[in-house]
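A short write-up of the structure that comes next.
What follows draws every value from the coordinates through simple rules; no lab data is involved. Predicted, not measured: the structure shown is a model, and the values here were computed from it. Using ideal geometry, Cβ is built from the backbone for each residue, glycine included, and neighbour counts are taken over all protein chains shown.
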Amino acid sequence: MRKLFACIALLFSVSLMSQKTKLPLPTKYQLAWHEQEFYLFIHFGPNTFTNKEWGHGDEEAEVFSPTALDCRQWCRVARAAGAKAIIVTAKHHDGFCLWPSKFSAHTVRESKWKNGKGDVLKELSTACKEYGLKFGVYISPWDRNHPDYGTEKYNDVFVGMMKELFQNYGPIWELWWDGANGEGPNGKRQVYDWKRYKETVRKLSPSTVIFSDVGPDIRWCGNENGIAGETNWNYLDTDGFEPGAKAPKQDILNTGNAEGKYWIPAECDVSIRPGWFYHKEEDSQVKSPEKLFELYLKSVGRGANLLLNVPPDRRGLINENDEAALQGFKKLKDESFGINLLKQANTYYQFTRNDLTDGDISVKTLDKDSKTYSINLQNFIVELPQAAKVNCIVLREAIHKGQSIRKFKIVMNNGEKVVREISGSSVGRKRILTFSSATITSFTVYLEDSKGDDNIIGVSAYLIDEKHVEK
Ligand code: FUL
């Protein structure tokens, strides 16, 4: 261990950890959420059959008629793609409920599917358990069907529906409140009781993380392209803001607030197809494995999570084209990050904590005189035992201690001279940096500015397919 550690020369002080500034911290549920990294979104409902994106809520419930719905197939595909969860549109803007809610007359119960006895949420929540996937639910506050929408009574309806979800289909890992908002069937706009909604969820299921434009737990990344800000703070100021029209500007949601008061990390949602719902004419427009990998680099690689929508077709199955693209993406990701060149070269300190690691973790904590010290790395050198061709370096920050790194630089050397230099601002849970490949023997990470202590918890290096690197 110590021998390995010698491979990392610390340029500056090794100091005891002391919080310079009190940073907002994630809750344990948010911390666990960060580790889910990549999961699937499922848009499924009447729109699948009417070929719409936003149903009006006036469609007959009968249009919902999958011929071979199989939630286990969704789970199999998700697992094979390396996704760790599924979030399903339990109710989209058309108000149609994929479960037989007693608060609505526009549900699976009113459809002919399984003679009105079907329940997509039951099938999916059960399948997720079987396949070891977390289960999440999207529920649109905007409801174009419900007669009470636009009146105070609708708040009771929405709360009642959420109670049904938690009581009958839990545990629910993530709850998604969509910010889109328009008029109800009565021509009215709703005044949402967000406070009550939140209290309801906290009471029924404290472990559920709630997503909306502004959290309270997870924020929208400000676009539907699946791309986080290159600078991405896990902090956001939300006092006085609300989901929807009253949310902060999209570019703020994209980067977060550097000095924000709350820990509200970004989730990047994007569809594998042009639309959110399945449309046959888009069968040839499924994103390629390469495109999906690029999105992964621009979401997860910037410290956010990736929520990739894969809409089942009219059979109720994930289409073959989407499945193939997902398989290709998984392969590309595995191949790219399969060999950590630092690990293979055995040049780094083997990190001893397991709580945040996924195998590519290196430096932190130093056992000295039988006491455990955390080290403030400041700047550090990684020396490779032999020259290696590299075009990707991954940094990880100990986010359970906050997000402190504000500015960093990595200078790569080939033993004689500097061959590459890259820089950035935020690190966060994971920062994947790519650059034109170079053969190097060492690199130095300069942590040039930080808010609290520098919390680098991991460093690894790879040679990925050159076409995916940022030039
Ligand atoms: C938006 C909705 O209007 C879209 O239909 C889709 O559900 C997307 C994920 O969120 O706000």
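With both partners inside the chain, how many of the DSSP beta bridges are antiparallel, as a percent to the nearest 5?
Taking every DSSP beta bridge with both residues in the chain, the antiparallel ones total about 60 percent.
What's the FRET efficiency of LEU463 with THR27 using the Cβ-Cβ distance as r and R₀ = 35 Å, to the nearest 0.05?
Result of the calculation: an efficiency of 0.40.
Using R₀ = 25 Å, calculate the FRET efficiency as 1/(1 + (r/R₀)^6) where r is the Cβ-Cβ separation of ASP193 and ASN168; round to 0.05.
Computed FRET efficiency for ASP193 and ASN168: 0.65.
Describe numerically, in nm with one decimal, the distance between label points set 7 Å from Cα along Cα→Cβ at ALA245 and at ALA180.
1.7 nm
Counting Lys and Arg as +1 and Asp and Glu as -1, each charge on the Cβ, what is the dipole of the chain about the Cα centre in debye, to the nearest 20?
Details: 63 positive and 61 negative charges, 267 e Å.
The calculated dipole for the chain is roughly 1280 debye.
Could you tell me which of rounded, prolate or oblate describes the range 36-336, using a ≥ b ≥ c as the square roots of the eigenvalues of the alpha-carbon gyration tensor, with rounded for a/c under 1.5 and, failing that, prolate when a/b is larger than b/c and oblate otherwise?
On the way: a/c = 1.58, a/b = 1.05, b/c = 1.50.
The shape class here is oblate.
Taking 7 Å along the Cα-to-C-beta vector as the label spot, tell me the ILE381-LYS112 distance in nanometres, rounded to one decimal.
7.6 nm
Please find the FRET efficiency linking GLU290 to ASN225, where r is the Cβ-Cβ separation and R0 is fixed at 25 Å, and quote it to the nearest 0.05.
For R0 = 25 Å, the calculated efficiency reads 0.95.
Which of rounded, prolate or oblate describes the range 155-293 when judged by the alpha-carbon gyration tensor and an a/c cut-off of 1.5? Please report the intermediate quantities before stating the final value.
Working: a/c = 1.56, a/b = 1.18, b/c = 1.32.
Cα axes put the range 155-293 in the oblate bin.
What's the ranking of 46-58, 235-247 by average number of surrounding C-beta atoms within 10 Å, highest first? The partial results should precede the final answer.
Working: 46-58: 18.2, 235-247: 16.3.
Highest-to-lowest ranking by the protection proxy: 46-58, 235-247.
Separation between the TYR131 and GLU281 pseudo-spin-labels, each 7 Å from Cα along Cα→Cβ, expressed in nm?
With each label placed 7 Å out from Cα toward Cβ, I get 3.0 nm.
What order do you get for LYS134, LYS91 when you list them from fewest to most C-beta neighbours inside 10 Å?
LYS134, LYS91
Distance cut-off 27 Å, Cα to Cα: go down the list LYS22/LYS409; LYS28/LYS117; LYS52/LYS203; LYS430/LYS451; LYS134/LYS333 and report the pairs above it.
Going by Cα-Cα distance, LYS28/LYS117; LYS52/LYS203 fall outside the 27 Å limit.
Any idea which of ALA61, VAL77, ILE457 is furthest toward the positive side of the dipole for the chain, if Lys and Arg beta-carbons carry +1 and Asp and Glu beta-carbons -1?
Highest projection toward the positive end goes to ILE457.
Is any residue of the range 209-241 close enough, with backbone N under 20 Å, to a label point placed 7 angstrom from the Cα of LYS261 along the Cα-Cβ axis, and if so, which?
210-220, 233-241
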